[in-house]
Every structure is written in structure tokens, then in C-alpha cells.
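J.: Just dropping this structure here.
The values are calculated or read from the model by the stated rules, or taken from the named source; none is laboratory data. Just so it is clear, the structure is predicted and the values come from calculations on it, not from any experiment. Don't worry about glycine lacking a Cβ; one is built from the backbone with ideal geometry, like all the others, and counts go over all protein chains shown.
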Amino acid sequence: MSARWRAAGWPAWAALGWAALIHLMSSAPRQLPAFLDVDGLDKLIHLVEFGTLGGLLTAALWRGVPELAGAGAWVAALGAAAYGCVDELHQAYVPGRSSSFYDVVADAVGALAAALLVRRVLQRRAR
């Protein structure tokens, strides 16, 4: 295990676990239960799901790659958004699931918003 990975600590492990959970949920051949089938709710779920990933990646990069400084949030958001693209591509091949460009947009917006928020919190703590 590299020194950077050890330095990244629990946020790196949490991000890895969260990404695995996203993949597991995306592999299930079912959509939302009928009582949760509300317009826009799936986009909110995408915002939270990939926002969590973006925030965890930002914290991991902050700890593990300090020379990235503020750019780490952008790198984390880009990484989470890219994972969102891969996730939607994967869902296109899962029976009973569908792929949507708007889901990718929700993933990217959630990832960026959370990454910038976590960066802001970490910057304030560092003062």
C-alpha cells in the first residue's frame, strides 16, 4: 500500500466502498418501487448518490495528495462524474434498467456541489 493511499485514510476506503455499492445497486434489474415513483425523485437520488462519492473523493485527495490543494475538488468531481457516465453505460445493459443523459447530468451536478462544499469545509478547518 502506498504512502499516499495510507495518508488518504478512511475517506479513500469509504469512496471505494461507496463506488462498489453504486455498482451493486445499478446491477439490480429493478427500478424504484411504485410508491417512490415520483417525478424528479430519481434525479434527487442521483444527486445524493454521486454527491456522496464526490465529497468522499475530495476528502481522500485532500488528505492523500495535499499538493493538489483546491484543485482536488475539481479532480474528485470529474472522477465521480466519469464514474456516473460509466454507471449509466452499465445500466443500459442491465435488464429492467435504463440509461439517461439527465441522470449523468444529475450525477455530475451532485458530485461537483458536494466536492466544492467539502473543499470549503476542509479549507476552513485548516485555518
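J.: Restricting to segment 77-127, name every residue that is aromatic (F, W, Y) and either surrounded by 18 or more Cβ atoms within 10 Å (Cβ to Cβ) or closer than 27 Å to V65 by Cα (or both).
T.: In the first step, residues of segment 77-127 are kept if they are aromatic (F, W, Y); the result is 83, 93, 101-102.
Within segment 77-127, Y83 is the sole residue that qualifies.
J.: Go through (1) within 19 Å of I22 (Cβ to Cβ); (2) modelled with pLDDT under 95 one by one and return the number of the condition D107 breaks.
T.: It is condition (2) that D107 fails.
J.: Would you confirm, using the coordinates I've provided, whether W74 is in a helix (DSSP H, G or I), modelled with pLDDT under 90 and either buried (at least 23 other Cβ atoms within 10 Å of the Cβ) or touching a helix residue (DSSP H, G or I) at 6+ places or on another chain (Cβ under 8 Å) (or both)?
T.: Details: in a helix (DSSP H, G or I): yes; modelled with pLDDT under 90: no; either buried (at least 23 other Cβ atoms within 10 Å of the Cβ) or touching a helix residue (DSSP H, G or I) at 6+ places or on another chain (Cβ under 8 Å) (or both): yes.
The answer is no for W74.
J.: Here's a follow-up. Quick check on this structure: which one of Y83, Y93 is farther than 21 Å from S2 by Cα, of a type in the set (S, T, Y) and assigned to a helix (DSSP H, G or I)?
T.: The match here is Y83.
J.: Additional query: Quick one: which of A126, A59, A73, A77 is under 20 Å from I45 (Cα atoms) and among the small types (G, A, S)?
T.: A77
J.: Cβ-Cβ under 7 Å, sequence separation 6+ or interchain: first residue in segment 76-89 and free of Cβ contacts under 8 Å to residues at least 12 places away in the same chain, partner outside any helix (DSSP H, G or I). Which pairs?
T.: Close Cβ pairs (under 7 Å, with a partner that is outside any helix (DSSP H, G or I)) amount to L89/S99.
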